[in-house]
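Some notes on the structure that comes next.
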Amino acid sequence: MKKIIAVIIVLFLSNQISSAQVTQLTIGVDGFTCSLCAKGVEEQFKSLDFVKSVKTDLKNTLFVLSIKNSPKINISQIRDAVSDGGFSVRDITVEAEGTIRGDQNSGYILSTPNTPDIQLKDVKEELSDGDKVLLKGTVNSNSIHVTSIKKI
């Protein structure tokens, strides 16, 4: 009986760990004006191994990328997919669930299974090392400017 309970706990915890990740990226792109232009960039995004699906918003020149559960995200591949099409990245926003490392004095780091650890900027809430959070923010070169964050 103890073995069965242990297996159930391990399965539950592994499911909880694998669900904590970057789930969506919204890419603002400058320079395209028609659906043909957008289609080329959309196909580039779809070819990335970590992208599950792509939604294109021509009016606002945005692409919303849903992210697969396991593969590591590579932001430089996203930027390359846009620039290879002759366009430029305006901004990248992220929705993620992960674990906080660090503290207010040393700075907060977001840890997820599908990204390298990411430094968080402009966190107004007080968090503790090990807190599970859901956040939204704008991706900079190696950090996220947090626009909203909540403990889960």
If contacts are Cα pairs under 8 angstrom and at least 6 residues apart, what is the relative contact order of region 46-152 in percent? 20
Cross-link reach from Lys59 to aspartates and glutamates, straight Cα distance under 17 Å and at least 8 residues apart if same chain, gives Asp30, Glu42, Asp91
When only DSSP loop residues count, what trypsin sites (Lys or Arg not before Pro) in region 99-152 have their Cβ near at most 13 other Cβ atoms within 10 Å? Lys124
How much net charge surrounds Thr23 when only other residues with a Cβ under 9 Å from its Cβ are counted (Lys, Arg +1; Asp, Glu -1)? -2
Quick check on the chain: helices-only [θ] at 222 nm, where DSSP H runs of length 4 and up contribute -39,500 (n - 2.57) each and the sum goes over total residues. Nearest 500, please. -8500 deg cm²/dmol
Which semi-axes, in whole Å and largest first, does the equivalent ellipsoid of region 36-94 have when worked out from the alpha carbon gyration tensor as the square roots of 5 times its eigenvalues? 17, 12, 11
Search the structure for amide H atoms under 5 Å from the amide H of Asn114, placed 1.01 Å from N in the peptide plane, and list their residues when 5 or more places away or on another chain. Val22
From the C-alpha coordinates alone, can you work out the Kirkwood hydrodynamic radius of region 21-152, in Å? 15.2
Which of Ser106, Ser53, Ser70 moves most in a GNM of the chain, Cα contacts under 10 Å? Ser106
Under 20 Å from Lys136, Cα to Cα: lysines that are on another chain or at least 8 residues apart: Lys52, Lys55, Lys68, Lys72, Lys121, Lys124, Lys150, Lys151
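We did not get these values from a lab; they are worked out from the coordinates using the rules stated. Here the structure is a predicted model, which means the values were calculated and not measured. Neighbour counts run over all protein chains shown; Cβ positions are idealised from the backbone, glycine included.
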